[in-house]
Amino acid sequence: MAESLVETRIPQQKLYESKPFPAVVISPSSSAIPIPAPSLPLFTQTIKTQKPYLDSLLHESGAVLFRGFPVNSADEFNDVVEAFGFDELPYVGGAAPRTSVVGRVFTANESPPDQKIPFHHEMAQVPEFPSKLFFYCEIEPKSGGETPIVLSHVVYERMKEKHPDFVQRLEEHGLVYVRVLGEDDDPSSPIGRGWKSTFLTHDKNVAEERAAKLGMKLEWTEDGGAKTIMGPIPAIKYDESRNRKVWFNSMVAAYTGWEDKRNDPRKAVTFGDGEALPADIVHDCLRILEEECVAVPWQRGDVLLIDNWAVLHSRRPFEPPRRVLASLCK
């Protein structure tokens, strides 16, 4: 047996080509209809039986928020992720400090609550990136802490209209990302993942092999850390499933957020030919991202499914407590 799914509207949504972004699906029991509260097995069964509809909804909107369903723990979130049937993507090469929780679930970026995490496509700075992301709100923030999302093709179109020469350079040369890693994780930094966690090994030879597989140069530093150089890598990609170009990069995130005791954000990302990026255009891109984004306040039990090809995401500062978990899929 499966339950029906109800699409609804919330104040934060935006309309693009008359389609709501994000799509919001609620449990019938959270609507005005008096229906008994659904069980988790009923929800996961519904996901399996309604998979074609949910895939279509995600493709149309780029992001789907599930609200009012009985997802009360990391274990239950893992069951929801499993129900969708997407293959898991190991977190190799990413920058964010994270901790494995259960099954395919780990914490979202653990950097301090007063820090903003800028807009990015997940793992856009490496060749192997997830096609889909799940986020789950286990503990809703006291205040703030939204995960703003923005449609990547809209950002591309606005940037091309306003800065055509810059976008043409990006399309021709791509970007190079440079990051200095400690040996171990640094929880005080938004990019504090050490090289051991980044490459899921304590063996430098294995780390070098995994970096090479990603097309990444790895240089060891005297303090036991490592410098990674990735690129040139495309900054604009073509989304074949939607027949459009997308702003697929971590340019703004690196330039405005890759800062800690090891890293200078202005050196963290350059054009593929090594030329520095113009600060005014990077910050103008940040303004466009903020203008176009949608930030829905988290509620306990929310599950947000994002198509990583279509949507960039970020994190706003917050007042604890807040616990948001994540899962990456191929």
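The values are calculated or read from the model by the stated rules, or taken from the named source; none is laboratory data. This is a predicted model, so every value here is computed, not measured. Backbone-built Cβ (ideal geometry, glycine too); neighbour counts: all protein chains shown. Each accessible area value is taken on the protein alone, full model and side chains, heavy atoms only, with ligands, DNA and RNA left out. Shrake-Rupley method; radii C 1.70, N 1.55, O 1.52, S 1.80 Å.
From the alpha carbon gyration tensor of the chain, can you work out the equivalent ellipsoid semi-axes (sqrt of 5 times each eigenvalue) and give them in Å, largest to smallest? Numbers along the way, then the final one.
Numbers: eigenvalues 219, 109, 62 Å².
Three semi-axes, in Å: 33, 23, 18.
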Open item on the list: Can you find, among Val269, Val246, Phe199, the residue sitting farthest towards the positive end of the charge dipole of segment 152-290, where Lys and Arg contribute +1 and Asp and Glu -1 at Cβ?
Closed with: Val246
Task: For the chain, accessible area per residue (1.4 Å probe, heavy atoms of protein chains only), Å² - done: 43
Open item on the list: Can you list the DSSP H helices in the chain whose Cα atoms extend at least 18 Å along the helix axis and whose mean Kyte-Doolittle hydropathy is -0.5 or higher?
Closed with: 279-292
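Can you give the charge dipole size of the chain about its Cα centre, rounded to the nearest 20 debye, using +1 on the beta carbon of Lys and Arg and -1 on the beta carbon of Asp and Glu?
Details: 38 positive and 48 negative charges, 73 e Å.
The calculation lands at about 360 debye.
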TODO: If a/c stays under 1.5 just call it rounded; otherwise compare a/b with b/c (prolate if a/b is bigger, oblate if not). Do that for segment 137-237, with a ≥ b ≥ c from the square roots of the Cα gyration tensor eigenvalues.
DONE: oblate
- [ ] Enumerate the aspartates and glutamates that Lys116 could reach by cross-link, defined here as Cα to Cα under 13 Å, with residues fewer than 8 away along the same chain left out.
- [x] Glu146, Glu259, Glu290, Glu319
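Which percent of the accessible heavy-atom area of segment 177-232 goes to carbon and sulfur, probe 1.4 angstrom?
Details: 1290 of 2720 Å².
Carbon and sulfur atoms account for 47 percent of the accessible area of segment 177-232.
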Open item on the list: Would you report the distance distribution of C-alpha pairs in segment 239-284 as whole percents per 5 angstrom bin, up to the bin with the largest distance?
Closed with: 5, 20, 24, 21, 12, 10, 6, 2, 0
Task: Gaussian network model of the chain, springs between alpha carbon atoms under 10 Å - residue of Glu82, Glu110, Glu17 with greatest fluctuation - done: Glu17
TODO: Pop a pseudo-label 7 angstrom from the Cα along the beta-carbon direction at both Gln45 and Asp184 and give the gap in nm to one decimal.
DONE: 4.8
Task: Cubic angstrom per residue, convex hull over Cα atoms of segment 183-325 - done: 168
Open item on the list: Per DSSP helix of 4 or more residues, -39500 (n - 2.57); summed, then divided by the residues of the chain. What does that give at 222 nm, rounded to the nearest 500?
Closed with: -8000 deg cm²/dmol
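Quick check on segment 141-182: take the gyration tensor over C-alpha atoms, sort the square-rooted eigenvalues as a ≥ b ≥ c, and tell me if it's rounded (a/c under 1.5), prolate or oblate.
Values: a/c = 3.96, a/b = 1.33, b/c = 2.98.
Note, shape of segment 141-182 comes out oblate.
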Task: Base-10 log of normalised Debye intensity for segment 34-179 (one unit scatterer per alpha-carbon) at q = 0.15 Å⁻¹ - done: -1.01
Task: Charge dipole magnitude, Cβ of K and R +1, D and E -1 - segment 152-290, Cα centre, debye nearest 20 - done: 360
- [ ] Under a 10 Å cutoff between Cα atoms, tell me which one of Val206, Val296, Val282 has the largest fluctuation in the Gaussian network model of the chain.
- [x] Val206
TODO: Putting +1 on Lys and Arg Cβ atoms and -1 on Asp and Glu Cβ atoms, find which of Pro164, Phe21, Ala226 reaches farthest to the positive end of the dipole of the chain.
DONE: Phe21
Open item on the list: Students often forget the sequence filter, so: which aspartates and glutamates lie under 16 Å Cα-Cα from Lys19 once same-chain residues fewer than 8 apart are removed?
Closed with: Glu7, Asp55, Glu60, Glu292, Asp307
Open item on the list: Between Ala226, Ala108, Ala212, where does the largest GNM mean-square fluctuation fall for the chain, given springs only between Cα atoms within less than 10 Å?
Closed with: Ala212
Open item on the list: Would segment 93-161 count as rounded, prolate or oblate if I go by the C-alpha gyration tensor, calling it rounded below 1.5 in a/c and otherwise prolate when a/b exceeds b/c, oblate otherwise?
Closed with: oblate
Task: Net lengthening on full extension, Glu319/Ile281 (0.36 nm per residue, minus Cα-Cα) - done: 10.6 nm
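Please compute the net charge surrounding Phe119, taking Lys and Arg as +1 and Asp and Glu as -1 over other residues with Cβ under 14 Å from its Cβ. Present the calculation step by step, with values, prior to reporting the outcome.
On the way: positive: Lys116, Arg158, Arg287, Arg315, Arg316; negative: Glu122, Glu146, Asp284, Glu290, Glu291, Glu292.
Summing Lys and Arg as +1 and Asp and Glu as -1 gives -1.
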